[in-house]
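Structure record follows, encoded as structure tokens.
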């Protein structure tokens, strides 16, 4: 009898251990499958504890997740003027005034459990829900700001299929939603390197956005009286950690590989675009607030991200959203005596006299954009500001070739199906 009791006790202990393991497995599985919500509080980013608009390794984490969990990012538009998706009403906004200090609100940062400095985080975008309205600015800003006079703002109405606007009658832009900003936080070493090289560029006269304390968030770190007010990076350019990459192929279904420079990585998403052409030439795309769902995986032996983030996804995301297109080519040619604005800071005595610059992809792109803007104006009757906006949100700027010196080639591809038939 004693032997039977002992055997039963042993069996019960084994069964109990098995049940405990099953329960723990269930708890882990439930944790991984639960949704973690980030951002969405307050009227703007500064009031939202899940939002920030500068980059620094000491920015506090908004929340923590385990790899595999779904994260819902309640994001705000690039100028932080539309509010979150949930706060938008049927009332279409009027003219929107954006402040440079508010650009770009990012939802996060998110601490990813188990991620260490030196790891790679794989971020898979699973769904993007657009807000009701969006905006685009075009004119004397962006890539070819000297070729278009004045400034124009377009207010868009959005649905799941297309964007349209009374400011651009006859145009419907297909939904191609993606986040312009997907980023991790820089580490202390990377931060100092980035600050030094961008200051050197500014000292040489180059275009760069240095630390700017007005409307900085978090203010206690990056604001006018912040403890690191001269060290918080602006979000305008992308860098090795990702950031404002503005790559229109980063749509739902794509996986983005980002470096972890600090423990937990500090993942954030923002600046979501309803649609954009390759190049975003007017300086903005169709800028909207959106809800973005994503999952993460930590890779201890991930891809070597020496020059910047990698990404992968279905090849159908690389296609232009149209059955027909019209394209303009550009080469690095210019009138004698002129200096392209982006080269003026070099103060070269040689550039002005030349009519042909060797292998200059920047000048070739300028010429392709100028050509497609002219074509839109002449063919469809829009003014130059409207044409510039269309180029920013729908035209793809692509490299044709880089080897046929001195004239590298760029094409500007206009999808024709965006225009409604008269």
**Study point:** Estimated distance in nm for a label pair at residue 129 and residue 212, the labels positioned 7 Å out from Cα along Cα-to-Cβ
**Key:** 3.3 nm
Exercise for review: Could you work out how far apart the two model spin labels at residue 263 and residue 326 are, taking each label as a point 7 Å from the Cα in the direction of the beta carbon, and quote it in nm?
Suggested key: 5.9 nm
Check your understanding: How do 143-149, 95-101 rank on mean C-beta neighbours within 10 Å, highest first?
Key -> 143-149, 95-101
Check your understanding: Quick one: 241, 307, fewest Cβ neighbours within 10 Å first, how do they rank?
Key -> 307, 241
Study note, to complete from the structure: Between residue 219 and residue 157, the FRET efficiency computed from the C-beta separation at R0 = 30 Å comes out, to the nearest 0.05, as 0.30
Revision key, fill the gap. If one compares the long axis through the Cα atoms of helix 384-394 with the longest principal axis of the Cα atoms of the chain, the angle in degrees, nearest 10, works out at 30 degrees
Study note, to complete from the structure: The residues 293, 135, sorted from fewest to most surrounding Cβ atoms within 10 Å, come out as 293, 135
Review point. Length gain on complete extension for the stretch residue 117 to residue 167, per 0.36 nm per residue less the alpha carbon to alpha carbon distance?
Key: 13.2 nm
Revision key, fill the gap. With only helices counted (DSSP H, runs n ≥ 4, each -39500 (n - 2.57)), the per-residue ellipticity at 222 nm for the chain, to the nearest 500, works out to -6500 deg cm²/dmol
Revision key, fill the gap. Neighbour-count ranking for 388, 261 (other C-beta within 10 angstrom, fewest to most) reads 261, 388
Practice item. Grab the beta carbon distance between residue 420 and residue 149, set R0 = 30 Å, and tell me the FRET efficiency rounded to 0.05. Key: 0.65
**Study point:** Packing-based ranking, highest mean first, of 371-378, 330-337 given that Cβ atoms within 10 Å are counted
**Key:** 371-378, 330-337
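No value in this document is a laboratory result; all are computed from the given coordinates. Here the structure is a predicted model, which means the values were calculated and not measured. Counting neighbours? That spans all protein chains shown, and the Cβs are built from the backbone with ideal geometry, glycine included.
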